[in-house]
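*Asks:* My questions all concern the structure below.
Nothing in this text is a laboratory measurement; each read-out follows from the coordinates by a stated rule. Computed from a predicted model, the values in this text were never measured in an experiment. No Cβ is skipped: glycine too gets one built from the backbone with ideal geometry, and neighbour counts run over all protein chains shown.
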Amino acid sequence: MNATVVERDLVEAIESTLFIYPSVPGLLQDLGIPGLRGRITKLSHPLANLCGDARFSQREANSMIEKVRNRYGDLAFGWLTGPSTRPVDLPARLEAAGLQHADSIAGMALTDLAQPIDVNPKARVREVTWQDAIANSDVMARAYGLPTDVMRLFNEIVAMSADRVKARAYVTSLDDDTIVAWAWLIYLPDSPTVLLGGAATLEEYRGHGLYTALVARRLADARADGRTAAIIQGDRRTSAPICVKLGFREICGLEIFASAHE
């Protein structure tokens, strides 16, 4: 497999893995609109209700935007665009339709999971059960900047999908057993690639290398399981600059647009 094919596969994985979870009765439903990936939940939040990876024609794009808006109804929703989005002017069309640009994400990849990473020896990373993760949804939400009910929903979805998508949850402590940072490791089905997902540190504990420790642990575990590549959807303001220092390189950019009502 040559490098260009690998890179194309990695870009495709970065664009699609925000929609990796299948329907979970009572929690998550497929949006059900052809030419678009998407989910709908009972919570009104742009990440809880996210669609993207659109493959529309120029002619149908505006009517499809209206169809999506009608499908979500009164729920706040988000729309992800990336290099494969069609039509290419969809971001401008979304803004013209009243959605607001909410975030820029760096799609990053690492293909040497053995790359050495210096870790703060005081950072104690441990794997926890999904029941533990659900029980700690409040602290995870505070670290990530999400409402607690949205964080709990995501933890419950991942836990209930374990038979279809393998995933592991990690937490980190500094001086005692108090959880101050967390992260997910998600194994892409039928792929040599893992997604380093979630990951956030409580604001007052940032700057102590906890995010780096979580990256190092997840890469080591993925490598031990025979995986050979890792991808991250990194926040350009926080995690992406750290990931560059750890050897990741940006291979695409993603944009998130949000409906005007929250």
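*Asks:* Classify the range 124-227 as rounded, prolate or oblate from the Cα gyration tensor: take a ≥ b ≥ c as the square roots of its eigenvalues, call it rounded if a/c is under 1.5, otherwise prolate when a/b beats b/c and oblate if not.
*Replies:* Oblate, because a/c is 1.5 or more while a/b does not exceed b/c.
*Asks:* Set Lys and Arg Cβ to +1 and Asp and Glu Cβ to -1, take the dipole of the chain about its Cα centre, and tell me which of 147, 180, 97 lies farthest positive.
*Replies:* 97
*Asks:* Separate question: Just how large is the dipole of the chain about the Cα centre, in debye to the nearest 20, putting +1 at every Lys and Arg Cβ and -1 at every Asp and Glu Cβ?
*Replies:* 300
*Asks:* Let me make sure I get this right: for the range 3-105, a, b and c are the square roots of the gyration tensor eigenvalues over alpha carbons, sorted descending. Under 1.5 in a/c it's rounded, otherwise prolate if a/b > b/c, else oblate. Which is it?
*Replies:* Oblate, since a/c reaches 1.5 and b/c is not below a/b.
*Asks:* With +1 on the Cβ of every Lys and Arg and -1 on the Cβ of every Asp and Glu, and nothing else charged, how large is the dipole of the range 124-227 about its Cα centre, in debye rounded to the nearest 20?
*Replies:* 380
*Asks:* Between 175, 221, 103, which gets the highest mean-square fluctuation from a Gaussian network model of the chain, Cα cutoff 10 Å?
*Replies:* Judging by the Gaussian network model, the answer is 175.
*Asks:* Cross-link candidates for residue 67: which lysines have Cα within less than 18 Å, leaving aside residues fewer than 8 places away along the same chain?
*Replies:* none
*Asks:* Which of 155, 49, 62 moves most in a GNM of the chain, Cα contacts under 10 Å?
*Replies:* Maximum fluctuation in the GNM of the chain, among the listed residues, is at 62.
*Asks:* Moving on to the next point. Within the chain, what's the longest stretch lacking trypsin sites (Lys or Arg not before Pro) that sit in DSSP loops with no more than 16 other Cβ atoms inside 10 Å?
*Replies:* Counting only loop sites that pass the neighbour cut-off, the longest clear stretch is 60-121.
*Asks:* Take every DSSP beta bridge whose two residues both sit in the range 3-105, then give the antiparallel share in percent to the nearest 5.
*Replies:* If I count the DSSP bridges inside the range 3-105, around 55 percent turn out antiparallel.
*Asks:* Considering only the chain, what is the antiparallel percent among its DSSP beta bridges, to the nearest 5?
*Replies:* 85
*Asks:* Run the simple label-point estimate for residue 23 and residue 119 please: 7 Å along Cα→C-beta, distance reported in nm.
*Replies:* So the two model labels end up 4.0 nm from each other.
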